[in-house]
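Take a look at the structure below.
The values are calculated or read from the model by the stated rules, or taken from the named source; none is laboratory data. In this text, all values refer to a predicted model and were calculated from it rather than measured experimentally. Note: ideal-geometry Cβ built from the backbone for every residue, glycine included; neighbour counts use all protein chains shown.
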Amino acid sequence: MERKTFLTSGLAALGFAAIAPFANSCKKESTTTTTSTTTTTGSSSSSGSCTATSSETAGPYPTITPSGYVRSNIVDGQSGVPLTIKLTFTNTNNSCAALTGALVDIWHCTALGYYSEYTDTPGGGYATVNYTSSHFLRGRQVTDSAGLVTFTSIFPGWYSPRAPHIHVHVYNAAGTSLLITQVAFPTDVCNTVYTTAADYKARGVQDTANTADMVFSDSLANELSTVTGSVSAGYVLTIGIGVAA
């Protein structure tokens, strides 16, 4: 079943009535908000900005029961280049102090562009595979005293018409949704992985640039991660995410 067909009929059957088909599910929900902060030391003061990360939609493949996947290692048997994901959250309603005790869900696709928990056909014409009984590359963690969560995963692949990305959903401790966003990858790192790593070479480089992506084209500045490392040693992704909590 193709992605658009599945999202129109299959998700409704699963009770996800609020999730639109793929093309709409990746569009913006709201614009970035910024509040000013001022720090005073003695007779001097400095001004800066405390910026909330852009809000995106959860679709098209959100985790069905995220509370069941509290874990830091989300590889779950998937092959690919190792990736450590470090997300640091700040509260833009509290001068960007560390956002502690927040629930953070992430999910992303495999090296070939598939998502678990769904019957999936990646953009680009790959075969349809039923992954409804699998839960790979999904997980939940609680932010620590520094607002940090860390996940062990693999470098995501890509599918049309999207640039490589990770989905992130943040809740407060009571389970109220605070922010849904997405994380972009530096193009040079993606090009290296997709042309040299065994699990990715068959597909080659992504067909959609960050600047042309339907999500990142107008918000790349606050959704682009920093990725360091190598194909042989694995990579580490870091990004700060501002949340109006």
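Annotations
- Listed by position, the strands (runs of 3 or more DSSP E) contained in the stretch 1-118 that have at least 2 residues being over 14 Å from the mean Cα position of the chain (by Cα) and at pLDDT below 95 are 34-41, 44-51.
- Screening the stretch 221-235 for residues that are of a type in the set (A, V, I, L, M, F, W, C) and crowded, with 16+ Cβ neighbours inside 10 Å and picking the one that is nearest to Arg162 (Cα to Cα) gives Leu224.
- Some residue of the stretch 195-218 being crowded, with 18+ Cβ neighbours inside 10 Å, within 17 Å of Gly234 (Cα to Cα), touching a strand residue (DSSP E or B) at 6+ places or on another chain (Cβ under 7 Å) and modelled with pLDDT of 95 or more: no
- All of (1) in contact with an Asp or Glu (Cβ under 6 Å, 6 or more places away or on another chain); (2) more than 23 Å from Tyr61 (Cα to Cα) hold for Thr181 with one exception: (2).
- Close pairs from the stretch 84-113: first among the aromatic types (Phe, Trp, Tyr), partner part of a strand (DSSP E or B), Cβ under 6 Å, at least 6 apart: Phe89/Ile241; Phe89/Val243; Trp107/Arg138; Trp107/His167
- Test result for Ile106, surrounded by 22 or more Cβ atoms within 10 Å (Cβ to Cβ) and in contact with a Ser or Thr (Cβ under 6 Å, 6 or more places away or on another chain): no
- Among the residues of the stretch 122-144, those that are part of a loop (DSSP other than H, G, I, E, B), modelled with pLDDT of 95 or more and hydrophobic (A, V, I, L, M, F, W, C) comprise Phe136, Leu137.
- Residues (β-branched (Val, Ile, Thr), within 19 Å of Cys109 (Cβ to Cβ) and surrounded by fewer than 17 Cβ atoms within 10 Å (Cβ to Cβ)) located in the stretch 164-191: Thr187
- Thr128 in contact (Cβ under 8 Å) with a residue 40 or more places away in the chain, among the β-branched types (Val, Ile, Thr) and touching a helix residue (DSSP H, G or I) at 6+ places or on another chain (Cβ under 6 Å): no
- Members of the stretch 223-245 that are under 30 Å from Ala174 (Cβ atoms), under 14 Å from the mean Cα position of the chain (by Cα) and either modelled with pLDDT under 95 or among the β-branched types (Val, Ile, Thr) (or both): Thr238, Ile239, Ile241
- Options Ser54, Ser133, Ser116: the member that is in contact with a helix residue (DSSP H, G or I) (Cβ under 7 Å, 6 or more places away or on another chain) and either without any contact (Cβ under 8 Å) to a residue 40 or more places away in the chain or within 30 Å of Pro161 (Cβ to Cβ) (or both): Ser54
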